[in-house]
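A short write-up of the structure that comes next.
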Amino acid sequence: MERQFTDAYIRSLKPRSSRYEEFRDGGFGIRVTPKGLKTFLYRYKINGQRHFITIGHYPAMSLSEAKKRFIDLSDIRHGEVNPKEQIAEQKQKEQSTVKNLILHWYTNYIEKHRAQPLQIWQHIKVDIIPLLGNKKLEHLKTREITQALDKIVGRGSPIHANKVLSTLKQAFNYAVSRGEMLLNPAMTIRARDIGGIEKPRERFLTLDEVKTLWQFLDSKEHGTSFQIRAALKIILLTGVRTGEIRVAKWSEFDFENSLWTIPSENTKTNVVMRIHLTELTKQVLRELKAHSDSEYVITGADDQSILSDRAMPRAVIRIQSRVGIPHWTAHDLRRTFATQLGEALHVDPVVIEKCLGHKMPKIMATYNKNEMLPQRKEALNAWSELIENIQQDNVVIIQPKRASEQ
């Protein structure tokens, strides 16, 4: 009669010239190698094929622990499931983290199907991976997500937190559709409960505020980086979106013909945008070029990579208190550009819309493909001149001819 496994019996098992195994009823066994390593095993058959599962090494795993694990595996086998497959599935689940999912989603879906993936990449790189990357998908709780989003709100970026929430919802929906998650843990989170409801903004800077801000941006007696100061100037001068200047490359600029061609993948409308470069704009760009050897016009702290999408909002918050101009954002400079073209320079509204790169009404877009580059050039030149003039307390408003007078 075979002796039952006991600690005393297992300790008595001596190494031999080749490894050997002993099993008891049910498939619980132990293997001993020539070097004396003792390993608990579970042996079972499925469709006549023998399988082995390593339970643990003795004495690091006690005999009682090994027996409990053996019973668990036996129960799985009696349930007509291959324990080895379940172990592999569980191991895969344990390795499935938010970071692994989000990177797979970005590479296999976002980069292939989104015209402008960089904003989502910024959410992933700057917020999602640092805050949630190591969390296991299987155990991720809604509360952990809201706590991460609360940290973003806490640093003064409530609207950005809502955008990160949207990115998370999309990524988790992708995981659910692929069977990697049963439920989307972010689905019930409402943006209004995180960053609040985003109201349409109406803020634009007055000409006096434009003057004050420009003088600050020209000054070197503060901690705001030259890159960000230049970016804010370019937004104010051209009316481009913050994202368009953040990802701009020097290859897009033709100084000889005074033209900036923004590729369709970098515009919100997915249409190529051509912008006239005034002398003042070119001056700002040349100063940037003299300070950088990167392919990007505006760079981050390493002077090579793209500027983080958090850097400009943070800088604007610091600038507000220093110049005494409250409650404005970098995007409000784009609104300032459009508003002052209309109010101060009386530019035709259609020309302003073209300057902003907005999509025209469907019927107009169908029959009118005119980019109005001459009219836009005149408006941009007048706006640059106005900015230069108000710095000298000598405001001369130049009114471009209306389209009907061309």
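No lab work stands behind these numbers, since they all come straight from the coordinates. Everything numeric in this text was worked out from a predicted model, so none of it was measured. As a convention, Cβ positions derive from the backbone with ideal geometry for all residues, glycine included, and neighbour counts pool all protein chains shown.
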Between helix 330-343 and the chain: long-axis angle, C-alpha atoms, 0 to 90°, nearest 10: 20
Nearest-ten-degree value, helix 373-390 long axis tilted from longest Cα axis of the chain: 80
Lys/Arg +1, Asp/Glu -1 at C-beta; the chain dipole; positive extreme among 321, 238, 267: 267
Peptides ranked, highest mean first, by Cβ atoms within 10 Å: ranges 39-47, 124-132: 124-132, 39-47
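If you restrict to DSSP beta bridges whose two residues both lie in the chain, what percentage is antiparallel, to the nearest 5?
On the way: 27 of 27 bridges.
Taking every DSSP beta bridge within the chain, about 100 percent pair in antiparallel fashion.
Where Lys and Arg each count +1 and Asp and Glu each count -1, what net charge lies around residue 170 among other residues with Cβ under 15 Å from its Cβ? Present the calculation step by step, with values, prior to reporting the outcome.
Details: positive: 112, 114, 163, 169, 178; negative: 111, 127, 180.
Counting the neighbours of residue 170, the net charge comes to +2.
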Pair residue 155, residue 75: separation of 7 Å Cα→Cβ label points (nm): 4.5
Where labels lie 7 Å past Cα in the beta-carbon direction, separation of residue 198 and residue 119 in nm: 0.7
Cα gyration tensor shape for the stretch 7-92, rounded if a/c is under 1.5, else prolate or oblate: prolate
Calculated FRET efficiency for the pair residue 261/residue 282, C-beta based, R₀ 25 Å, to 0.05: 0.95
Stokes-Einstein diffusion coefficient of the chain, Kirkwood radius over Cα pairs, 20 °C, 1.002 mPa s, in µm²/s: 81
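Nothing charged except the Cβ atoms of Lys and Arg (+1) and of Asp and Glu (-1): what's the magnitude of the dipole of the chain about its Cα centre? Round to the nearest 20 debye.
Using only the charged Cβ atoms, the result is roughly 2100 debye.
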Positive dipole terminus of the chain, leading residue within 120, 257, 297 (C-beta point charges): 120
Angle in degrees between helix 207-218 and the longest Cα principal axis of the chain, rounded to the nearest 10: 60
Prolate/oblate/rounded call for the stretch 214-311, Cα gyration tensor, a/c under 1.5 rounded: prolate
Label-zone membership for the stretch 113-134, site residue 302, 7 angstrom Cα→C-beta point, backbone N under 11 Å: none
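Ratio of the stretch 98-193's C-alpha Rg to 2.2 N^0.38 Å, to two decimals? Don't skip to the answer; put the middle values down first.
On the way: Rg = 12.4 Å, N = 96, 2.2 N^0.38 = 12.5 Å.
Dividing the Cα radius of gyration by 2.2 N^0.38 Å gives 1.00.
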Between the stretch 321-344 and the stretch 1-61, the Cα center-to-center distance that results, in Å: 76
Selection from 30, 216, 108 lying farthest towards where the dipole of the chain points positive, charges on Cβ: 30
Electrostatic dipole magnitude of the stretch 122-208 [Cβ: Lys, Arg +1; Asp, Glu -1; Cα centre; debye, to 20]: 100
Eligible lysines near residue 211 by straight Cα distance, threshold 26 Å, same-chain separation 8 or greater: 220, 233, 282, 289, 354, 377, 401
For the stretch 111-264, size of Cβ-based charge dipole, Lys and Arg +1, Asp and Glu -1, in debye: 580
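Based on the mean of other Cβ atoms within 10 Å per residue, sort peptides 159-169, 23-33 so the most packed one is first. Please report the intermediate quantities before stating the final value.
Details: 159-169: 21.0, 23-33: 16.4.
Top to bottom by mean Cβ count within 10 Å: 159-169, 23-33.
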